[in-house]
Amino acid sequence: MKKLISLTILAAAATAGAQTFNNVQLGLTGGYAGGLSGEVFVHAPNVVGPVGVKVGVAYTRPSDAINDASPELPGISGPNQTFGAAKQAGRASESGSQTVVSVDGTYGLGEVAPGLDTMVYGGARYGMFKSTEDYGSSGSTTYSSNAFGVGAGAMASYALTGNLSLVGDLGADYFFKSAITTSKGDTISTNDGSYSAFDSRVIRPGTNFKARIGVKYIF
């Protein structure tokens with residue numbers, strides 16, 4: 001995660017070279033994006049007129065990682081047992097993580113009210129997703145997938161001081177289907193006959209709506 005954040009800052013700083021680092025913005029936001037989520041971003045506005053570039057890294061702890069309707073894997077105690085039933089009985093638990101790197105073009109819309117600045121953005125996404133189902137002493141399985149996607153949204157900022165602003169971010173990301181790798185060493189490609197079963201079992205973003213609020217500092 002630390003490496004991704006460092007790369008994010010370096011990439012955006014290089015983009016901002018044409019501006020001699022004037023008005024480069026470093027931001028940190030938190031909120032919801034399929035779970036508790038936070039993002040660090042660097043924004044170089046007005047690279048060409050009102051057009052700028054924003055690079056970010058977001059990390060989310062999803063509220064669900066495994067589909068409760070999926071069949072229980074090890075230690076099945078009955079023909080109708082599901083992962084959800086195993087959780088309720090205390091035999092299973094789940095955890096997951098979602099890391100998304102974004103590169104966006106931005107377009108400044110200017111002030112819509114005194115001190116309230118707005119912009120829209122859109123661009124590419126690269127997501128790294130993990131979901132784990134844990135049955136304690138019976139074993140656990142982690143499912144991993146990396147997927148490309150696209151996203152768009154709008155940000156509004158309100159100046160608190162000369163360089164510090166409150167910022168709000170609303171948007172949505174869409175991720176394409178991708179291969180799923182298990183901790184058992186299996187890789188299930190999208191054209192594999194069993195892909196649909198794995199795809200329905202593991203909860204990963206398809207269309208992901210996000211709402212975050214935070215601060216940004218203008219250099």
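Overview of values
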{"item": "Whole-number percent relative contact order across the chain, with pairs defined as alpha carbons under 8 Å at least 6 apart", "result": "20"}
{"item": "With Cα atoms, 0 to 90° folded angle of helix 2-15 axis to the chain main axis", "result": "30"}
{"item": "Accessible area in the full protein assembly, largest first, 1.4 Å probe, for Leu36, Leu73, Leu170", "result": "Leu36, Leu170, Leu73"}
{"item": "Helix-only mean residue ellipticity at 222 nm for the chain, each DSSP H run of n ≥ 4 adding -39500 (n - 2.57), per residue, nearest 500", "result": "-3500 deg cm²/dmol"}
{"item": "Residue with peak Gaussian network fluctuation, the chain [Cα springs, cutoff 10 Å], from Arg125, Arg91, Arg201", "result": "Arg91"}
{"item": "Sequence-distant residues sharing a close amide H with Ser70 (under 5 Å, placed H)", "result": "Phe83, Gly84"}
{"item": "For the stretch 25-218, accessible area per residue (1.4 Å probe, heavy atoms of protein chains only), Å²", "result": "47"}
{"item": "Highest-MSF residue in the chain out of Ala65, Ala89, Ala156 [GNM, Cα springs under 10 Å]", "result": "Ala89"}
{"item": "Highest average packing first - 213-219, 184-190, Cβ atoms within 10 Å", "result": "213-219, 184-190"}
{"item": "Pairs of lysines in the chain (C-alpha under 23 Å apart; 8 or more residues apart or interchain)", "result": "15"}
{"item": "Which labelled figure in [x] 1, 6, 13, 15, 18, 16, 13, 8, 4, 2, 1, 1, 1, 1, 0, 0, 0; [y] 1, 7, 14, 19, 20, 17, 11, 4, 3, 2, 1, 1, 0, 0; [z] 1, 7, 14, 17, 16, 12, 10, 8, 6, 5, 3, 1, 0, 0 is P(r) over Cα pairs in 5 Å bins from 0, in percent, once derived from the coordinates", "result": "[z]"}
{"item": "Apportionment of accessible area to carbon and sulfur, the stretch 30-92, percent (1.4 Å)", "result": "58"}
{"item": "The chain: most fluctuating residue of Ala159, Ala58, Ala113 per GNM, C-alpha cutoff 10 Å", "result": "Ala113"}
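The values are calculated or read from the model by the stated rules, or taken from the named source; none is laboratory data. Computed from a prediction, not measured in an experiment: that's the story for all the values here. Cβ atoms come from the backbone with ideal geometry, glycine included; neighbour counts cover every protein chain shown. Accessible surface areas use protein heavy atoms only, side chains included; no ligands, DNA or RNA. Shrake-Rupley method; radii C 1.70, N 1.55, O 1.52, S 1.80 Å.
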